[in-house]
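The values are calculated or read from the model by the stated rules, or taken from the named source; none is laboratory data. Computed from a predicted model, the values in this text were never measured in an experiment. For neighbour counting, all protein chains shown are included, and Cβ atoms are generated from backbone atoms with ideal geometry for every residue, glycine included.
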Number of protein chains: 4
Amino acid sequence: MKHLKLTSLNGAGRTTVRVGSVAFGTDFVVIAGPCSVESEEQTLQTAHAVREAGANMLRGGVFKPRTSPYAFQGLGLQGLKILARAREETGLPIVTEVLDTRDVSWVSEYADMLQVGARNMQNFSLLKEVGKSSRPVLLKRGMHSTIEEWLSAAEYVLAEGNPNVVLCERGIRTFETYTRNTLDLNSVPAAKELTHLPVITDPSHGCGRVNLIPTMALASVAAGADGMMIEVHCKPEEALSDKDQALTPDVFSVMMRKVRSLSRYMQELA
Amino acid sequence: MKHLKLTSLNGAGRTTVRVGSVAFGTDFVVIAGPCSVESEEQTLQTAHAVREAGANMLRGGVFKPRTSPYAFQGLGLQGLKILARAREETGLPIVTEVLDTRDVSWVSEYADMLQVGARNMQNFSLLKEVGKSSRPVLLKRGMHSTIEEWLSAAEYVLAEGNPNVVLCERGIRTFETYTRNTLDLNSVPAAKELTHLPVITDPSHGCGRVNLIPTMALASVAAGADGMMIEVHCKPEEALSDKDQALTPDVFSVMMRKVRSLSRYMQELA
Amino acid sequence: MKHLKLTSLNGAGRTTVRVGSVAFGTDFVVIAGPCSVESEEQTLQTAHAVREAGANMLRGGVFKPRTSPYAFQGLGLQGLKILARAREETGLPIVTEVLDTRDVSWVSEYADMLQVGARNMQNFSLLKEVGKSSRPVLLKRGMHSTIEEWLSAAEYVLAEGNPNVVLCERGIRTFETYTRNTLDLNSVPAAKELTHLPVITDPSHGCGRVNLIPTMALASVAAGADGMMIEVHCKPEEALSDKDQALTPDVFSVMMRKVRSLSRYMQELA
Amino acid sequence: MKHLKLTSLNGAGRTTVRVGSVAFGTDFVVIAGPCSVESEEQTLQTAHAVREAGANMLRGGVFKPRTSPYAFQGLGLQGLKILARAREETGLPIVTEVLDTRDVSWVSEYADMLQVGARNMQNFSLLKEVGKSSRPVLLKRGMHSTIEEWLSAAEYVLAEGNPNVVLCERGIRTFETYTRNTLDLNSVPAAKELTHLPVITDPSHGCGRVNLIPTMALASVAAGADGMMIEVHCKPEEALSDKDQALTPDVFSVMMRKVRSLSRYMQELA
């Protein structure tokens, strides 16, 4: 399949995607924060904690793609305002998922980076819309998507004129049920070989178990990832979504020290 | 998971979804037509052929969810006008896929039934939007979706006030590569047991091989499906999409005689 | 891949595999019986019941491939003697699974047909050993096996000189958990197109739910299967293995009338 | 499911499995060598090369589980004698796959460690037979096997009295076709949490692409693996099996320096 934009920089080096002062592809970028923005207190408390632990960006969902229509659907605009407040207090750029073509424009006024989630990876209308946006895009791999399809989805965004795409491996759906998904680290070196884009991982969704996440974060670093996204909640047991995969700030902090240390070591090793 | 609307009619009989004179859940409904509306001639010729062979509805894509941004993306409004012309000439109601929340309203002026495709099965914004529409909805199972997730997607539509949902099994993604997808007929009796909605199959996408489709159509009837959707093209070798799974009108016609015959027989057997 | 023996009869008609008076590929053959031979009483009672309902052969496991070493492992020789007694009383030929190359020879003295189970489909030593046997072989598709690999496994048996192989689709492992496995009926017409061997299905393992089995049995008939294998237990709730997928003799009997009726009808339709 | 033997040492520390002077669970163990033993020259040349690069053990298949009966099936006894010669010359203990219960005893006279391959992971007769052997066992995860099933297979070996089992993650079968299998590194921390056994990986089979293997080897180290198994061939383009995943001695040597270095670093980090 043709990937005109994904491959055109090959030989000329890798792409750096900048979000404020954060540089994916140059720095090792850690995005952290709650699955959902639930309240101002929860978000601000978590934001301060992840910044102290060394995170570079803040994540938080305000439109939640939930399997059931009766599950918490997110705070919408109110949530964006909370995220903006958190950015103001911590200085961390914010990334949030957008679900609807009609929301891309106005959400871009709040968010520094737009996330296209796994369930929308082949929502081609949405891909085209974020492709027309001036915001960088975090493109998660669909849980059912081949590497080829994932890259083609990125090509949709690039073809519309937005060159700032960061790929995110977040686990594929397999027969294994012990882990929530199967974080496919093979896709990291594969995507880096096949494109010039930065590639990060999401160990939180990738394995879905608090006990395994710190280890899979380290494995991601060694697999050559340019960063990662980690779900952190100040009180995981009270989280309105994904409570089984949210790290406490303390666990996150310990993990971060190892991640940073290993990241530096891998650069020496290369 | 709660399925308030999907299960509320249980005991009170099954739902009939009407599209013009077509009654899903009461009649055995065959939807046929090309993958993509490519031209007026191709569409009209195919429409007449499938009507003569006994199809009840016409399908045809005008917005095509293609893996690559450089593949044929569909004719859009022009395609809808061609479909409307085909309806006028043949009397067949038309169903077409909608990809974008912004298109639901105006596409509804042309289409008799709106299709939500496999790649958008968890595009919750789109589900909510068609849930507010007055048009019946054909909801395909995602290639990566459990039966539970498929039913929950239907619940999204019903929860918005649109009770007219027809479920369509179209094959799931497995390790098998001989068939394009794995048509999962187990989901037909499962979905009929768990909900009161009509359930049809799409053997064309389900196995993706012309040689297997007529057999899998018969198997679908025996599995209790309320109908099926079949890709037919007057010149498959010239099709702009899905050429390997498009039946010629002749093959479709032979298949239809068997499908109708078996459908009647299964009613006697029940 | 080369399938010298699987394809060499193409054009010269399909193979009939005879087991006593039973003719796979000519008659529609129903094999029924308990998952495990647990006792003489249970086996004889079930054997008589399935014969009365119209089954052609008796199944019963005496070596059980169980996930856990602490689960019931089967009665071994004692079980074979019980099966032999059941054959004597009912006249039904018996098929039983063999797990070990060392058992093929002596088990063949009791069994009329040897089953190679899903977990051993690529146990090539076992395939070669049953290939040297004079007994017909029932070869189940591995839960992880492509159609190509399944056929290549059959080729192993044929290449050793045993031409009497019946293929059995028994469900593949997918992400779906509602059904125990995903009975892949697409493989039935595929295997019949690619080989000259008879192909049957195992709806019991294929979906693993009593409520779905009779429907999937009918769908198997319409998919062109040459027969099927069904787990029946006189007291399913007391079964030592597979209790959730064992039909009672009564349910089996009702199912059989429909299966036989549909089988005749499909022959007329062809 | 009960894992009496797998969990009984929990709290009392982890198991060390010794093969000659090699200590799985204590040292980081690298097993390397050709997929198949093809000739004395090829095997000795490769054996010397991997020893020089720092491998601890030599691998080489003499019974090859090949999909087709017409593919190279291995040299059998002749191959074992070649392996023994390689051990004599290099001092490296040898591990080789055994396929048949009848071979366990005599193969044990040549091999220092017996491998049960992915296709035989649920060949329970074979598991019991190696469970009665005095040789340590390398148990690969089946390509279709859940972590739970893998551990239960290990329990079979332990239950027969052989406590020396090393688990090996070698990639599972998913829908992804870019990689040969999907090396599931999530299973490494999972298996180490759930059992006291050493866990290694097989990046060669796990991704099946020479370009990705060195990176996935590093990722395995960071995931906490106790070692790894790597296919090396002195002339990959002439290999009789698995030529696309065999490293040259030179590439292996470069990889080894990084693997050893990272392994030491991870110990400091812990």
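Of all the listed residues (C:Leu92, C:Leu80, C:Leu6), the sole one being in contact (Cβ under 8 Å) with a residue 12 or more places away in the chain, within 16 Å of the chain's Cα centre (by Cα) and surrounded by 15 or more Cβ atoms within 10 Å (Cβ to Cβ) is C:Leu92. Per this entry, C:Val188 is counted among residues that are under 19 Å from B:Gly171 (Cβ atoms), assigned to a helix (DSSP H, G or I) and touching a residue at least 12 places away in the same chain (Cβ under 8 Å). Here D:Glu41 meets the list (1) in contact (Cβ under 8 Å) with a residue 12 or more places away in the chain; (2) more than 22 Å from D:Gly142 (Cα to Cα) almost entirely, failing just condition (1).
Within the range B:121-150, the set of residues being among the polar types (S, T, N, Q) and surrounded by fewer than 24 Cβ atoms within 10 Å (Cβ to Cβ) comprises B:Ser125, B:Ser133, B:Ser134, B:Thr146. Looking at C:Thr182, C:Thr215, just one residue is farther than 19 Å from C:Arg18 by Cβ and in contact with a Ser or Thr (Cβ under 9 Å, 6 or more places away or on another chain), and that residue is C:Thr182.
Scanning the range B:159-190 for residues that are among the hydrophobic types (A, V, I, L, M, F, W, C) and either buried (at least 24 other Cβ atoms within 10 Å of the Cβ) or out of contact with any helix residue (DSSP H, G or I) (no Cβ under 7 Å at 6 or more places or on another chain) (or both) yields B:Val165, B:Val166, B:Leu167, B:Cys168, B:Ile172, B:Phe175, B:Leu183, B:Leu185, B:Val188, B:Ala190. For residues that are surrounded by 22 or more Cβ atoms within 10 Å (Cβ to Cβ) and not in a loop (DSSP other than H, G, I, E, B), scanning just the range B:49-65, find the one that is farthest from the chain's Cα centre (by Cα). Here the residue is B:Val50.
Going by what's in this entry, would B:Phe72 be described as of a type outside the set (Lys, Arg), at pLDDT below 95 and either touching a Leu at 6+ places or on another chain (Cβ under 7 Å) or in a helix (DSSP H, G or I) (or both)? Against the criterion (of a type outside the set (Lys, Arg), at pLDDT below 95 and either touching a Leu at 6+ places or on another chain (Cβ under 7 Å) or in a helix (DSSP H, G or I) (or both)), B:Phe72 qualifies. When the range D:1-53 is filtered for residues that are closer than 21 Å to D:Tyr156 by Cβ and hydrophobic (A, V, I, L, M, F, W, C), the ones remaining, listed by number, are D:Met1, D:Leu4, D:Leu6, D:Leu9, D:Val17, D:Val19, D:Phe24.
The residue that is surrounded by the most Cβ atoms within 10 Å (Cβ to Cβ), counting only those in the range D:201-251 that are of a type in the set (Lys, Arg) and either outside any helix (DSSP H, G or I) or in contact with a Gly (Cβ under 6 Å, 6 or more places away or on another chain) (or both), is D:Arg209. When A:Glu193 is tested against (1) over 15 Å from the mean Cα position of the chain (by Cα); (2) closer than 21 Å to A:Val29 by Cβ; (3) buried (at least 22 other Cβ atoms within 10 Å of the Cβ), just one condition goes unmet, and that condition is (3). Hey, A:Gly206 hits all of (1) within 16 Å of the chain's Cα centre (by Cα); (2) small (Gly, Ala, Ser); (3) within 21 Å of A:Pro93 (Cβ to Cβ) but one; which does it fall short on? For A:Gly206, the exception is condition (3).
Count, please, the residues in the range C:216-229 that happen to be within 9 Å of chain B (Cβ to nearest Cβ), within 16 Å of the chain's Cα centre (by Cα) and not small (Gly, Ala, Ser). Qualifying residue count for the region: 2.
Among the residues of the range C:196-215, is there at least one that is free of Cβ contacts under 8 Å to residues at least 60 places away in the same chain, within 14 Å of chain D (Cβ to nearest Cβ) and over 19 Å from B:Cys207 (Cβ atoms)? Checked against the condition, which is being free of Cβ contacts under 8 Å to residues at least 60 places away in the same chain, within 14 Å of chain D (Cβ to nearest Cβ) and over 19 Å from B:Cys207 (Cβ atoms), the range C:196-215 yields no hits at all.
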